[in-house]
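Some notes on the structure that comes next.
The values are calculated or read from the model by the stated rules, or taken from the named source; none is laboratory data. Since the model is a prediction, treat every value here as computed from it, not as a measurement. Note: ideal-geometry Cβ built from the backbone for every residue, glycine included; neighbour counts use all protein chains shown. Accessible surface is based on the protein model in full, side chains and every heavy atom, while ligands, DNA and RNA are left aside. Shrake-Rupley method; radii C 1.70, N 1.55, O 1.52, S 1.80 Å.
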Amino acid sequence: MEKLPYERPYIKKLTPGVMNKFGSHSGAQPFKYIDGIQVTKLIEAYGSPLFVVSESQIRRNYRSAYRAFSTRYPKVQFAWSYKTNYLNAVCQIFHSEGSWAEVVSGFEYRKALGNGVVGNKIIFNGPSKSKEDLMLAIENDSLIHIDNLEELNLLIALSENLTDKPRVAIRVNMDTGIFPAWDRFGFNYENGEAWNALTKVVSSGKLQLTGLHCHIGTYIQSTSAFGIAATKLADLALRCKTILNQTIEYLDLGGGFPSMNTLKGAYLPGTDTLPSIDDFAEEICNKLINSDFAPNELPLLILESGRALIDDAGYLLGTVLANKRLADGKRATVVDFGVNILFTSFWYDHQISPAQDFLPHTENMAIYGPLCMNIDVIRENINLPLLNPGDHLVVHKVGAYNMTQWMQFITLRPAVVLIDEQRNIHLIKAAETLDYIEENENVPGHLKAK
Amino acid sequence: MKIKKNIATSENGFVFNPATGDSFSGNAMASVILLAMKNGVNTTEIKADILKKYDVSVAQLDRDWEDWVIQLKEANLLELELNHGN
Ligand SMILES: Cc1ncc(COP(=O)(O)O)c(C=O)c1O
């Protein structure tokens with residue numbers, strides 16, 4: 001006789017009067033397949049925890065973002081923000097769709113070259129570019145976005161004896177009505193610093209002022225902030241033309257569109273409250289088209305969107321290790337992935353689904369990672385069905401920043417697999433090994449194990 | 001270990017404690033166990049019956065049983081037993 005499915009016995013006190021008026025369901029649905037591949041099979045083959053990236057989802061995201069802008073504006077170019085996810089396979093998907101590379105360090109710059117991106121399609125941002133980095137970027141005719149006066153002076157000095165002027169933009173920071181204003185990067189618009197820098201670039205006679213850049217923040221929930229940014233960059237560009245007699249070829253509005261994750265403390269899920277890429281595109285393109293550029297002189301519009309294009313293409317699979325009751329009677333579930341590989345759990349309430357069928361009862365619980373540290377909290381509160389040790393979980397929308405900001409701490413970082421459009425599975429980063437971690441360590445002779 | 005006598009349970013997992021006015025909803029497993037407990041079946045027998053009918057290991061059931069007892073205590077549904085005899 002086949003046995004009945006078992007579920008941990010569980011009772012929940014009924015508290016009248018606190019029903020959620022929005023009637024949203026508990027959210028827990030078994031999530032057994034990613035792009036048609038069984039979650040359990042992936043864990044069997046590649047271990048747990050495991051990051052999974054969907055190529056189809058990346059391409060869908062890219063194409064709909066590109067469409068949102070290109071149907072509203074004549075000249076649009078995306079540049080993939082490497083820091084968001086610089087696994088080479090991921091970068092190559094964006095490049096194959098037509099994305100340039102947007103990098104913020106010499107390390108990322110060399111990664112982009114390694115991925116075959118031609119120099120003049122690499123945008124070099126960031127406050128820390130060494131002399132060697134700058135010389136490499138100049139040689140490759142890359143677009144250098146100047147962050148500060150020291151960098152500007154260094155560039156002028158490096159260009160002293162060059163025949164071709166390096167192509168540069170300045171990064172502009174500004175008040176767009178949102179808090180915090182990222183005024184630590186680039187030159188300020190309101191206090192005239194940006195204008196002074198532009199004047200200095202042009203009057204040096206050594207650099208070719210090609211563009212203007214801003215990146216006003218990340219996970220920005222207001223379209224109007226982008227409208228203000230577009231208006232201010234357009235104003236600077238028009239002044240460059242009339243006062244400095246310098247045509248600005250492109251305006252780079254940076255990244256910052258939100259992904260559909262839910263911010264911690266938000267009352268409603270992100271999917272219900274956030275503007276779509278189309279809303280942002282509408283605002284930005286309207287402002288540019290209605291500014292004083294002659295219709296045939298509209299600058300190229302560059303976007304460096306990161307999280308909005310990759311977050312929902314990434315999943316983290318994991319396994320339940322243990323259950324416990326906390327001192328106050330609340331349930332806690334311990335899982336095999338910690339905040340060291342799921343950095344974004346510090347600011348998102350990530351959606352988590354069981355990967356197998358379950359019976360209908362749910363319980364409010366905390367989800368803790370395996371790092372013997374009090375801060376290792378994946379979710380403080382989540383309603384999930386009763387989970388048993390060995391059950392698998394799927395964390396959604398983890399594609400942005402986790403696979404670059406992950407930390408190696410007391411365990412090894414897991415593998416990453418890509419599911420391609422034909423549903424083939426590719427190991428795009430193998431799990432770390434102890435040997436790999438210790439490869440560059442050295443124990444002095446007198447301390448070696450005897 | 002006994003459930004308080006005056007506790008009302010229903011087959012679909014609804015539990016009512018008339019002494020406190022608290023009500024609880026339980027899952028299917030909880031209703032099975034509560035019903036057996038109300039009928040005076042002892043722990044050993046209840047566990048044996050579950051192991052026979054349900055897809056669960058002894059270790060897992062023992063583990064969950066401890067948690068179950070904590071839940072019952074917290075919900076104030078257990079008869080106080082002063083003489084454990086151990
Ligand atoms: C200069 C620059 N461009 C683009 C991005 C990508 O931002 P997001 O992921 O918010 O789109 C960042 C991220 O901080 C950035 O610093």
Answer from B:I46, B:I7 - the residue that is open to solvent by less than 20 Å² (accessible area, probe 1.4 Å) and either touching a Lys or Arg at 6+ places or on another chain (Cβ under 6 Å) or under 19 Å from A:L386 (Cβ atoms) (or both)
B:I46
Of the conditions (1) open to solvent by less than 40 Å² (accessible area, probe 1.4 Å); (2) at pLDDT 95 or above; (3) within 21 Å of A:G255 (Cα to Cα), A:Y189 clears all except one; give me its number.
(1)
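Criterion first (surrounded by fewer than 23 Cβ atoms within 10 Å (Cβ to Cβ), within 15 Å of the ligand (Cβ to nearest atom) and not assigned by TED's automatic domain parsing to the domain that holds A:T404) does A:S128 satisfy it?
Details: surrounded by fewer than 23 Cβ atoms within 10 Å (Cβ to Cβ): yes; within 15 Å of the ligand (Cβ to nearest atom): yes; not assigned by TED's automatic domain parsing to the domain that holds A:T404: yes.
It is true that A:S128 is surrounded by fewer than 23 Cβ atoms within 10 Å (Cβ to Cβ), within 15 Å of the ligand (Cβ to nearest atom) and not assigned by TED's automatic domain parsing to the domain that holds A:T404.
Of all helices (runs of 4 or more DSSP H) completely enclosed by chain B, which ones contain at least 1 residues that are touching a strand residue (DSSP E or B) at 6+ places or on another chain (Cβ under 7 Å) and in contact (Cβ under 8 Å) with a residue 24 or more places away in the chain?
Values: elements: B:28-38, B:43-53, B:58-74.
In chain B, the matching helices (runs of 4 or more DSSP H) lie at B:28-38, B:58-74.
Condition check: within 14 Å of chain B (Cβ to nearest Cβ) and modelled with pLDDT of 95 or more. Does A:T333 satisfy that? First the steps, then the outcome.
On the way: within 14 Å of chain B (Cβ to nearest Cβ): yes; modelled with pLDDT of 95 or more: yes.
Against the criterion (within 14 Å of chain B (Cβ to nearest Cβ) and modelled with pLDDT of 95 or more), A:T333 qualifies.
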Of the residues A:L386, A:L371, A:L359, A:L342, which is touching a His at 6+ places or on another chain (Cβ under 9 Å), over 30 Å from A:N61 (Cβ atoms) and aliphatic (A, V, I, L, M)?
A:L386
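Got at least one residue in segment A:222-243 being assigned by TED's automatic domain parsing to the domain that holds A:N173 and in a loop (DSSP other than H, G, I, E, B)?
Narrowing segment A:222-243 to residues assigned by TED's automatic domain parsing to the domain that holds A:N173: A:222-243.
Adding the requirement that they be in a loop (DSSP other than H, G, I, E, B) leaves A:222.
The answer is yes; a qualifying residue exists.
Identify, please: which residue in segment A:268-318 is among the hydroxyl-bearing types (S, T, Y) and open to solvent by 20 Å² or more (accessible area, probe 1.4 Å) and is, among those, nearest to the ligand (Cβ to nearest atom)?
Pass one, segment A:268-318, residues among the hydroxyl-bearing types (S, T, Y): A:271, A:273, A:276, A:291, A:305, A:315.
Now narrow it down to the ones that are open to solvent by 20 Å² or more (accessible area, probe 1.4 Å): A:271, A:273, A:276, A:291, A:315.
Numbers: A:T271: 18, A:T273: 17, A:S276: 14, A:S291: 22, A:Y315: 18 Å.
Here the residue is A:S276.
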Check off (1) of a type outside the set (F, W, Y); (2) open to solvent by 40 Å² or more (accessible area, probe 1.4 Å); (3) free of Cβ contacts under 8 Å to residues at least 60 places away in the same chain for A:T231 and give me the number that stays unchecked.
(3)
Identity of the residue in segment A:199-219, surrounded by 18 or more Cβ atoms within 10 Å (Cβ to Cβ) and assigned to a strand (DSSP E or B), that ends up farthest from the ligand (Cβ to nearest atom)
A:L209
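A quick yes/no check of all residues on (1) within 19 Å of A:T404 (Cβ to Cβ); (2) of a type outside the set (D, E); (3) in contact with a His (Cβ under 7 Å, 6 or more places away or on another chain):
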site: A:E97; (1), (2), (3): no, no, no
site: A:F107; (1), (2), (3): yes, yes, no
site: A:R110; (1), (2), (3): yes, yes, no
site: A:N115; (1), (2), (3): yes, yes, yes
site: A:G119; (1), (2), (3): no, yes, no
site: A:I123; (1), (2), (3): yes, yes, yes
site: A:M135; (1), (2), (3): no, yes, no
site: A:L154; (1), (2), (3): no, yes, no
site: A:L158; (1), (2), (3): no, yes, no
Single unsatisfied condition, A:E150 versus (1) touching a residue at least 24 places away in the same chain (Cβ under 8 Å); (2) assigned to a helix (DSSP H, G or I); (3) open to solvent by 10 Å² or more (accessible area, probe 1.4 Å):
(1)
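Can you pull out the strands (runs of 3 or more DSSP E) entirely within segment A:347-450 that have at least 3 residues that are open to solvent by 70 Å² or more (accessible area, probe 1.4 Å) and either free of Cβ contacts under 8 Å to residues at least 24 places away in the same chain or within 16 Å of the ligand (Cβ to nearest atom) (or both)? First the steps, then the outcome.
On the way: elements: A:352-354, A:362-368, A:377-385, A:392-395, A:415-419, A:425-429.
Qualifying strands (runs of 3 or more DSSP E): none found.
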Please pick out the residue among A:I425, A:I341, A:I375 that is within 22 Å of the chain's Cα centre (by Cα) and of a type outside the set (D, E, K, R).
A:I341
Residue list for segment A:169-186, filter: open to solvent by less than 60 Å² (accessible area, probe 1.4 Å) and either away from the ligand (no atom under 16 Å from the Cβ) or assigned to a loop (DSSP other than H, G, I, E, B) (or both):
A:M174, A:T176, A:I178, A:A181, A:F185, A:G186
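When you go through B:I70, B:I33 one by one, which is the residue that is surrounded by fewer than 19 Cβ atoms within 10 Å (Cβ to Cβ) and within 12 Å of chain A (Cβ to nearest Cβ)? Don't jump to the end; show me each part of the working.
Details: B:I33 fails: surrounded by fewer than 19 Cβ atoms within 10 Å (Cβ to Cβ).
Answer to the selection: B:I70.
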